[in-house]
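Undergrad: Below is one structure. I have some questions about it.
The values are calculated or read from the model by the stated rules, or taken from the named source; none is laboratory data. For clarity, every value in this text was computed on a predicted model and none was experimentally measured. Don't worry about glycine lacking a Cβ; one is built from the backbone with ideal geometry, like all the others, and counts go over all protein chains shown.
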Amino acid sequence: MTATASGSVQPLSRSEFAALQGLIQREAGIFLSEVKEALLVGRLSRRLRELGLTSFAAYHRLVQEDETERVRMLDAICTNETHFFREPRQFEFLERQVLPMWQAEVERGERTRTVRVWSAACSTGEEPYSVAMLLLDRLPGWNVEILATDLSTRVLEKARAALFPLERSAEIPPEYLKRFMLRGVGPQEGRMKAGPELRAVVRFQRLNLNDESYAAPQALDLVFCRNVLIYFRPETKARVVERLVRHLSPRGHLLLGHAESASGLTVRVRSVGPNVYSREDRTS
């Protein structure tokens with residue numbers, strides 16, 4: 001291994017990389033292959049210098065003992081790339097297939113006008129706010145509840161603030177932009193903020209998908225877990241997806257990223273749309 005940390009931090013050794021690699025996988029399920037060594041060095045070196053540590057071995061000892069520092073470490077190594085209305089084919093599927101189905105179920109007395117959603121890797125909030133825009137616009141008068149979770153406390157702070165660069169407005173359909181987003185003025189010029197109608201229906205919470213159990217609602221209509229499974233090894237991915245599926249209602253849907261699938265599971269799901277899955281035990 002050749003990657004080194006700048007400043008006074010000693011180069012990362014093979015054994016130090018292996019120790020941090022194992023700790024991160026145990027804590028968060030994230031697998032860092034050896035090609036990610038430079039990424040790990042780059043993202044942790046500054047923190048070592050802030051702490052006055054000169055080796056990654058010393059930092060490994062610290063994070064084993066200090067839960068707060070483990071959270072900071074996971075914040076540092078998480079990759080958080082997202083945007084509004086990502087995976088547009090899935091939003092089209094929801095609008096054209098799922099929402100009309102729900103409305104028909106209400107007319108038949110088979111469900112209430114409440115929608116429960118979980119954005120299970122919400123990053124800085126673009127995903128749950130996008131889902132909220134769609135549901136509030138297409139299901140007027142319905143009760144919309146969205147839980148948005150992420151491993152990173154850093155991105156959750158940004159998501160709660162609900163402030164985004166104004167250039168991101170190009171990702172939002174014009175009618176939604178006008179109704180749901182506020183344009184910043186004065187000190188906030190060049191930024192936009194999710195309006196109160198959106199913020200009222202989205203609740204943010206830190207949650208580790210690698211935990212064996214977690215505080216997430218049951219009987220959810222939609223669970224989004226997009227572009228996070230790619231960081232897990234196959235056995236971890238299978239366990240995570242199986243737990244997610246168990247949080248779905250019998251008629252609920254699981255939405256994964258375009259490069260992900262629900263293969264290799266012990267729970268039975270079936271593909272119903274573009275990387276959209278439903279439980280095999282759903283009622284017809």
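Undergrad: With respect to GLU212, determine if the residue is part of a loop (DSSP other than H, G, I, E, B), in contact with a strand residue (DSSP E or B) (Cβ under 9 Å, 6 or more places away or on another chain), of a type in the set (D, E, K, R) and more than 27 Å from ASN143 (Cβ to Cβ).
TA: no
Undergrad: What about SER123, is it under 25 Å from ASN80 (Cβ atoms), in contact with a Ser or Thr (Cβ under 6 Å, 6 or more places away or on another chain) and either assigned by TED's automatic domain parsing to the domain that holds LEU255 or not in a helix (DSSP H, G or I) (or both)?
TA: Judged against the criteria, SER123 is a match.
Undergrad: On to the next question. Which one of VAL185, VAL202, VAL269, VAL223 is surrounded by 14 or more Cβ atoms within 10 Å (Cβ to Cβ), farther than 22 Å from ARG89 by Cβ and of a type in the set (A, V, I, L, M)?
TA: VAL202
Undergrad: Can you name every residue in region 214-258 that is over 15 Å from the mean Cα position of the chain (by Cα) and farther than 23 Å from VAL115 by Cα?
TA: ARG233, PRO234, GLU235, THR236, ALA238, ARG239
Undergrad: While we're looking at this one, here's another question. Inspect all residues belonging to region 62-77 and state whether any of them is within 20 Å of LYS237 (Cβ to Cβ), surrounded by 17 or more Cβ atoms within 10 Å (Cβ to Cβ) and under 29 Å from the mean Cα position of the chain (by Cα).
TA: Yes, region 62-77 contains at least one residue that is within 20 Å of LYS237 (Cβ to Cβ), surrounded by 17 or more Cβ atoms within 10 Å (Cβ to Cβ) and under 29 Å from the mean Cα position of the chain (by Cα).
Undergrad: Against the conditions (1) within 30 Å of ILE30 (Cα to Cα); (2) surrounded by fewer than 15 Cβ atoms within 10 Å (Cβ to Cβ); (3) modelled with pLDDT of 95 or more, where does GLU81 fall short? Just the number, please.
TA: So GLU81 meets the others, but not (3).
Rundown of residues vs (1) at pLDDT 95 or above; (2) assigned to a helix (DSSP H, G or I); (3) among the aliphatic types (A, V, I, L, M); (4) assigned by TED's automatic domain parsing to the domain that holds PHE232, yes/no style:
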{"position": "THR2", "(1), (2), (3), (4)": "no, no, no, no"}
{"position": "LEU23", "(1), (2), (3), (4)": "yes, yes, yes, no"}
{"position": "ARG46", "(1), (2), (3), (4)": "no, yes, no, no"}
{"position": "ARG70", "(1), (2), (3), (4)": "yes, yes, no, no"}
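Undergrad: Considering region 127-145 alone, what residues qualify as being β-branched (Val, Ile, Thr) and surrounded by fewer than 24 Cβ atoms within 10 Å (Cβ to Cβ)?
TA: VAL144
Undergrad: Further question on the same structure: Among all residue pairs at least 6 apart or on different chains, which show Cβ distances below 7 Å where the first residue, located in region 212-233, is free of Cβ contacts under 8 Å to residues at least 60 places away in the same chain and farther than 18 Å from LEU248 by Cα and the second is among the small types (Gly, Ala, Ser) and surrounded by fewer than 14 Cβ atoms within 10 Å (Cβ to Cβ)?
TA: What qualifies is ILE230/ALA259.
Undergrad: Are any of the residues in region 95-113 in a helix (DSSP H, G or I) and among the hydroxyl-bearing types (Ser, Thr, Tyr)?
TA: So far as region 95-113 goes, no, none of its residues is in a helix (DSSP H, G or I) and among the hydroxyl-bearing types (Ser, Thr, Tyr).
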